[in-house]
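Following: one structure in structure tokens, then a few remarks.
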Amino acid sequence: MISNISKRYARAFFEIAAQEKKIEQYHSELSKFSSIISQNKALKDFLANPIIEQDNKKAVVEKIISQLNFSGMTVNFLKLLVDKKRIETLPDIELCYRQLMDEALKKVRINVKTAFPLSDKMKEYIMANMEKITGRKADITIETNPELLGGVIINVGDTLYDGSVKSQLNNMRNLLGEAR
């Protein structure tokens with residue numbers, strides 16, 4: 001569950017990005033740094049450890065940032081998170097920021113799971129229909145999962161469209177079980 005503090009930091013940074021018309025650039029930078037923290041358990045534990053002095057954390061963050069060529073605003077924001085002892089909440093802040101960005105840019109994120117890789121024509125078909133249904137530009141992620149046996153599962157926000165063979169077989173099994 002995302003805290004109100006993460007939402008406030010995300011909103012504040014988003015408002016600055018909107019004023020500077022750099023919404024997507026700042027999200028990209030936040031996302032990049034957030035993924036560095038998420039993928040490196042030692043770094044994540046180091047930054048979350050309350051015993052370690054803030055100066056040491058700030059030095060490590062500055063060292064990482066210096067190699068990434070971020071904008072000054074993102075650098076200052078990340079340093080502020082370290083100073084305020086909030087750097088470990090960056091993944092939540094990045095998620096909130098992305099939601100604000102998607103709303104402002106009228107985008108919807110769609111996750112598609114299929115048993116087999118989709119053709120380009122099928123990807124375009126799904127994207128076009130999802131854009132038509134949602135009235136927003138679709139940002140689609142496709143994942144292959146052989147356990148589905150066939151069909152497709154489409155996740156749009158809180159809505160799930162499950163047309164997988166596995167799901168339909170389970171439904172038939174449940175119906176047959178009830179009929180006994």
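If we scan region 153-161, do we find a residue that is polar (S, T, N, Q), over 13 Å from residue 113 (Cα atoms), out of contact with any Lys or Arg (no Cβ under 7 Å at 6 or more places or on another chain) and part of a helix (DSSP H, G or I)?
No, there is no match, as no residue in region 153-161 is polar (S, T, N, Q), over 13 Å from residue 113 (Cα atoms), out of contact with any Lys or Arg (no Cβ under 7 Å at 6 or more places or on another chain) and part of a helix (DSSP H, G or I).
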Unmet criterion (only one of (1) of a type outside the set (A, V, I, L, M); (2) surrounded by fewer than 16 Cβ atoms within 10 Å (Cβ to Cβ); (3) closer than 30 Å to residue 52 by Cβ) for residue 98: (2)
Candidates 102, 83, 158, 120 - the one that is over 30 Å from residue 5 (Cα atoms) and either of a type in the set (Asp, Glu) or modelled with pLDDT of 90 or more (or both): 120
Single unsatisfied condition, residue 150 versus (1) touching a helix residue (DSSP H, G or I) at 6+ places or on another chain (Cβ under 8 Å); (2) closer than 13 Å to residue 112 by Cβ; (3) among the small types (Gly, Ala, Ser): (2)
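Taking region 103-114 as the search range and keeping residues that are buried (at least 18 other Cβ atoms within 10 Å of the Cβ) and of a type outside the set (S, T, N, Q), which one is farthest from residue 147 (Cα to Cα)?
If we take residues in region 103-114 being buried (at least 18 other Cβ atoms within 10 Å of the Cβ) and of a type outside the set (S, T, N, Q), then 108 is farthest from residue 147 (Cα to Cα).
Quick grid of which residues meet (1) of a type in the set (Asp, Glu); (2) in contact with a helix residue (DSSP H, G or I) (Cβ under 6 Å, 6 or more places away or on another chain); (3) outside the structural domain of residue 170 (by TED's automatic domain parsing):
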| site | (1), (2), (3) |
| --- | --- |
| 115 | no, yes, no |
| 120 | yes, no, no |
| 123 | no, no, no |
| 134 | no, no, no |
| 139 | yes, no, no |
| 143 | yes, no, no |
| 157 | no, no, no |
Every pair of residues 6+ apart whose Cβ atoms lie under 8 Å, when the first sits in region 126-137 and is within 18 Å of residue 152 (Cα to Cα) while the second is among the basic types (Lys, Arg) and outside any helix (DSSP H, G or I): 131/137
Filter result (under 12 Å from residue 14 (Cβ atoms) and of a type in the set (A, V, I, L, M)) within region 69-94: 73, 93
Unmet criterion (only one of (1) modelled with pLDDT under 85; (2) within 27 Å of residue 20 (Cα to Cα)) for residue 148: (2)
Subset of region 26-69 [farther than 16 Å from residue 86 by Cβ and either of a type in the set (Gly, Ala, Ser) or under 15 Å from the mean Cα position of the chain (by Cα) (or both)]: 26, 27, 28, 29, 31, 32, 35, 36, 39, 42, 59, 66
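The values are calculated or read from the model by the stated rules, or taken from the named source; none is laboratory data. The structure presented is a predicted model; accordingly, all values stated were derived computationally and were not measured. Positions of Cβ are generated from backbone atoms using ideal geometry, with glycine treated the same way; all protein chains shown enter the neighbour counts.
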